[in-house]
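Structure record follows, encoded as structure tokens.
The values are calculated or read from the model by the stated rules, or taken from the named source; none is laboratory data. A quick note: this is a predicted structure, and the numbers were derived from the prediction, not measured. With ideal geometry, Cβ positions are generated from the backbone for all residues, glycine too; neighbour counts draw on all protein chains shown. Quick note on the areas: whole protein, heavy atoms, side chains included, nothing else; ligands and nucleic acids left out. Shrake-Rupley method; radii C 1.70, N 1.55, O 1.52, S 1.80 Å.
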Amino acid sequence: MDIKKLEQFLQENNLPKFRLGQIQKAIFADGVSSFSEITTLSKELREKMEEEMRILSFEVEKVLTAEDGQSIKALLKTVGGDLIETVLISPKPGTWSACISCQVGCAMGCRFCATGKMGFKRNLTTEEITDQVLFWRQYLKRNNIEGSFSNIVYMGMGEPFLNWDNVSESIKNLIDEKIFGFGSRSLSVSTSGIVEGIEKLAMEFPQVNLAISLHFASDKKRDLYMPVNKMDNLESLRNALKQYFETTNRKIFLEYIMLDGINDTALDAKLLADYIYSIGNTHLLHVNLIRYNTITEKTELNSESELSSEGIINSSSKTRTQLFKQELEKHRVNATIRKSLGEEIKAACGQLAGEK
Ligand code: SAH
Ligand code: SF4
């Protein structure tokens, strides 16, 4: 729902201000799927709105639910025909988190990522970003799914800090009490490590959570798998994280996908621990070890390859992940192993849209 367009519509039709509040509540808080459901409005007004406006800026192409019902993925088709993905995850019974996309594709080109392999197509608009949240709110309501909808994570397709204008506007709408009304602390932005963006987030939204897709604690490996590292290397990232602590004094989540034989050795754990200690404020740094969802396409590396001979990257086994965690603990770093949710519905973002 384009909020500015809605305001304009009310103005053009000389409707009183309180109508805006009524409509916003029905759409953003109650999750109605069509204007005709807003029964506090006259029939004529509802019909006019149906004709001239739309609530969602995309059509639903596909919805897949995991067998355990704990994650649901939607493939959405924008007006221009682009496919974007969003996932609803239940991290614990009774709560739902939405993982949303901010771009069609991604320019960052991380070698292990299905979205990265698609390349960059375009930025999503503010409306397209917040509509994903609206879509899930409607979905929960329509399907009588119980539980509270509490967290929004910018961990879908795309790099949030490369579409900051629309992402920051979407955050404003999500935390606006008159619109979505989420608490800032319920939102998380994940970045591959764009230093300039980290600074902006700290200044503009110090209460919004920050997650860093670290994945490698050596520049050599990070350069190879995450081209962003050639621009903002581990040292610049360290300085940005130190500065982030100064400004916000808030926790940072370090994401670490477990890649079999690539970043999961005892030496990698030691490098990770050393990196964490070099940042300082270790009590505010939280490591999440995440299972990797294998993408079927081959990964090409131009320099010396550390991949298996078929060029397919696999997730580290459960045992190896446990060992990695123990290694970290030996170096006084605590980590949480994140359960892989929705592997069978290809919940790693970009996997479904890339398929076509
Ligand atoms: N571009 C931002 C936001 C996307 S978040 C970022 O990179 O942080 C998506 C997260 O999933 C990132 O941590 C990314 O590295 C990770 N990821 C990408 N492909 C994955 C896969 N196949 N399996 C598991 N995690 C994956
Ligand atoms: Fe882009 Fe994030 Fe995927 Fe890297 S991991 S290609 S930054 S979406």
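Per-structure values
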item: Part-to-part distance (alpha-carbon centres) for region 11-71 and region 191-268, which is given in Å; result: 38 Å
item: Order of exposure, largest accessible area first, which applies to MET53, MET226 with probe 1.4 Å; result: MET53, MET226
item: The chain: angle of helix 266-279 to the longest principal axis, Cα-based, in degrees nearest 10; result: 60 degrees
item: Euclidean distance of C-alpha centroids, region 112-168 and region 322-339, integer Å; result: 30 Å
item: Residue among GLY311, LEU259, SER34 farthest towards the positive dipole end of the chain, charges placed on Cβ; result: LEU259
item: Candidate lysines - alpha carbon under 25 Å from LYS200, same-chain residues fewer than 8 apart omitted; result: LYS4, LYS121, LYS172, LYS178, LYS230, LYS242, LYS251
item: Relative contact order computed over the chain (Cα-Cα under 8 Å; 6+ residues apart), in percent; result: 15 percent
item: Net lengthening on full extension, LYS4/GLU235 (0.36 nm per residue, minus Cα-Cα); result: 79.0 nm
item: Whole-number Å³ per residue for the convex hull built on Cα positions in the chain; result: 135 Å³
item: In Hz, Karplus ³J(HN,Hα) per residue of region 325-338 (6.51, -1.76, 1.60; θ = phi - 60°; x = Gly, Pro); result: 4, 5, 4, 4, 4, 4, 9, 6, 10, 8, 9, 10, 8, 8
item: Percent of beta bridges antiparallel (DSSP, the chain, rounded to nearest 5); result: 45 percent
item: Stretch gain in nm, segment MET53-THR247, where the contour uses 0.36 nm per residue and the Cα spacing is subtracted; result: 65.7 nm
